[in-house]
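Participant: Pasting in a structure now, in structure tokens, and then I'll have a few things to ask.
Just so it is clear, none of the values below were taken in a lab; they were calculated from the coordinates. On a predicted model such as this, the values are computed, not experimentally measured, just so you know. Neighbour counts run over all protein chains shown; Cβ positions are idealised from the backbone, glycine included.
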Amino acid sequence: MIYTLNTIVITNKRIIKNEQAGFFRYASAELDLAKIQDVSVKVHGAWAAIFHFGDLEIQTAGTQNKFLFDRLPKPEKIKQTITDLQAL
């Protein structure tokens, strides 16, 4: 299910993912920028390409191997932002 309360927060130190799974259920996960090894974008289908929606997958060196963000708007821009912040 897709809820409008799902968020991704990118700071200069970490990425925070908040997922609303129901009225009283949610999950939150954090990832340090220093632990990121790879960031990739996957776009599935013509409509997603036209309207700039896709999945963002982040590989980490920590205990949780992958962070997956589904159906994000402008995933290429988010990927570039993360890459730029890592260079600082």
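Participant: What number goes with the only condition from (1) touching a residue at least 40 places away in the same chain (Cβ under 8 Å); (2) surrounded by 13 or more Cβ atoms within 10 Å (Cβ to Cβ); (3) assigned to a helix (DSSP H, G or I) that Gln80 does not pass?
Facilitator: If we test Gln80 against (1) touching a residue at least 40 places away in the same chain (Cβ under 8 Å); (2) surrounded by 13 or more Cβ atoms within 10 Å (Cβ to Cβ); (3) assigned to a helix (DSSP H, G or I), just (1) comes out false.
Participant: Only one residue in Gln86, Gln59, Gln64 is assigned to a strand (DSSP E or B) and touching a strand residue (DSSP E or B) at 6+ places or on another chain (Cβ under 8 Å). Which one?
Facilitator: Just one listed residue meets the conditions, Gln59.
Participant: Only one of (1) loosely packed, with under 10 Cβ neighbours inside 10 Å; (2) farther than 22 Å from Ile82 by Cα fails for Gln20. Which number is that?
Facilitator: Here Gln20 meets the rest and fails (1).
Participant: Residues of the range 1-48 being among the polar types (S, T, N, Q) and not in a loop (DSSP other than H, G, I, E, B), which ones?
Facilitator: Listed by number, the residues that qualify are Thr7, Asn18, Gln20, Ser28, Gln37, Ser40.
Participant: To continue, here is another question. Write out, first by first residue and then by second, each pair whose Cβ atoms fall under 8 Å of each other, whose residues are 6+ apart or on separate chains, and whose first residue, in the range 61-77, is over 21 Å from Leu5 (Cα atoms) while the second is in a strand (DSSP E or B) and among the polar types (S, T, N, Q).
Facilitator: Close Cβ pairs satisfying both conditions: Ala61/Gln37; Asn65/Gln59; Lys66/Gln59; Lys66/Thr60.
Table: residues versus (1) free of Cβ contacts under 8 Å to residues at least 24 places away in the same chain; (2) closer than 16 Å to Asp70 by Cβ; (3) small (Gly, Ala, Ser).
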position: Ile10; (1), (2), (3): no, no, no
position: Gly22; (1), (2), (3): yes, no, yes
position: Ala29; (1), (2), (3): no, yes, yes
position: Val43; (1), (2), (3): no, yes, no
position: Asp55; (1), (2), (3): yes, yes, no
